[in-house]
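Q: Attaching a single structure in structure tokens format; questions to follow.
The values are calculated or read from the model by the stated rules, or taken from the named source; none is laboratory data. Note that the structure is predicted; figures quoted are calculated from it, not measured. Virtual Cβ from ideal backbone geometry, glycine too; neighbours counted across all protein chains shown. Ligands, DNA and RNA are excluded from the accessible area calculation, which covers all protein heavy atoms including side chains. Shrake-Rupley method; radii C 1.70, N 1.55, O 1.52, S 1.80 Å.
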Amino acid sequence: MLAVRVYYEDTDFSGFVYHANFLRYMERGRSDYLRLLGVEQGSLFEEAVAEVGAGFAFVVRHMDLDFRRPAKIDDILEVHTHPAEVRGASLTLAQTVRRGEEILIAARIKVAFVAGERATRIPLGLRKAMGADVDATTVDATPAG
């Protein structure tokens, strides 16, 4: 969970958070999620170089967003991020932005793991950290609970 305070610069003329800023909050939540798993992005980068000879990037492929309630200046929001599905070269994350118990936005974000300009299997260390099925004979991973 990542806490975010809403500042004046995050709002539009109506005083509510501009919708695109929720995407920024969720991006921070995804980055923080990796850190909270204990995954050091520098080590992950080195692992990708060793496995495929190039660095890596997570590239957003698809987003499903459900804007439910607005947020306003001085709100303290919580960005919750959980893996919904881990597959060979893609990861779907379930994210919510909340104000207390109230869900303001619910989203499913599918990202591709890209190394050397092409989709590449997610490194074993990251798959393990997310609780994915890491059996080498299995292409698909079971969703983490």
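Q: Please work out how much length the chain gains when fully extended from Ala89 to Glu101, using 0.36 nm per residue of separation minus the C-alpha to C-alpha distance, in nm with one decimal.
A: Numbers: separation 12, 0.36 × 12 = 4.32 nm, distance 3.31 nm.
Additional length available on full extension: 1.0 nm.
Q: Here is a follow-up. Dividing the Cα convex hull volume of segment 26-85 by residue count, how many Å³ per residue is that? If you can, show how the numbers build up before the last one.
A: Details: hull volume 7.8 nm³, N = 60.
Spread over its residues, the Cα hull of segment 26-85 gives 130 Å³ apiece.
Q: Taking θ as phi - 60°, what are the ³J(HN,Hα) couplings along segment 83-90 by the Karplus curve (6.51, -1.76, 1.60), each to the nearest whole Hz, with x for Gly and Pro?
A: After applying 6.51 cos²θ - 1.76 cosθ + 1.60, I find x, 9, 7, 10, 10, x, 10, 9 Hz.
Q: Using only Cα atoms, find the angle between the long axis of helix 19-36 and the longest principal axis of the chain, and express it within 0 to 90 degrees, rounded to the nearest 10.
A: 40
Q: For the chain, list log₁₀ I(q)/I(0) at each q in 0.18 Å⁻¹, using the Debye formula over Cα point scatterers of equal strength and ignoring solvent, two decimals each.
A: Scattering profile of the chain, log10 relative to I(0): -1.01.
Q: Which value in nm describes the separation of the simple spin-label points at Arg69 and Met1, placed 7 Å from the Cα toward the beta carbon?
A: Distance between the two pseudo-spin positions: 1.5 nm.
Q: So, for segment 1-82, what is the accessible surface per residue at a probe of 1.4 Å, expressed in square angstrom?
A: Numbers: 5260 Å² over 82 residues.
Spelled out: the 1.4 Å probe surface of segment 1-82, per residue, equals 64 Å².
Q: Near the amide H of Gly116, under 5 Å away, which other amide H atoms are found, from residues 5 or more places off or on another chain, if H is placed in the peptide plane?
A: HN-HN under 5 Å from Gly116: Gly55.
Q: Rounded to a whole number, what % of the accessible area of the chain do carbon and sulfur atoms account for, probe 1.4 Å? Numbers along the way, then the final one.
A: Details: 4300 of 8160 Å².
Here it works out to 53 percent.
Q: Pick from Ile122, Ile109, Ile76 the residue whose mean-square fluctuation is largest in a GNM of the chain, springs joining Cα atoms under 10 Å.
A: Ile76
Q: Given charges of +1 on the Cβ of Lys and Arg and -1 on the Cβ of Asp and Glu, with all other atoms neutral, how large is the dipole of the chain about its Cα centre, in debye to the nearest 20?
A: Working: 18 positive and 21 negative charges, 36 e Å.
My answer is approximately 180 debye.
Q: If you line up the long axis of helix 41-52 against the longest principal axis of the chain, both from Cα atoms, how many degrees apart are they, to the nearest 10?
A: Once rounded, the angle reads 40 degrees.
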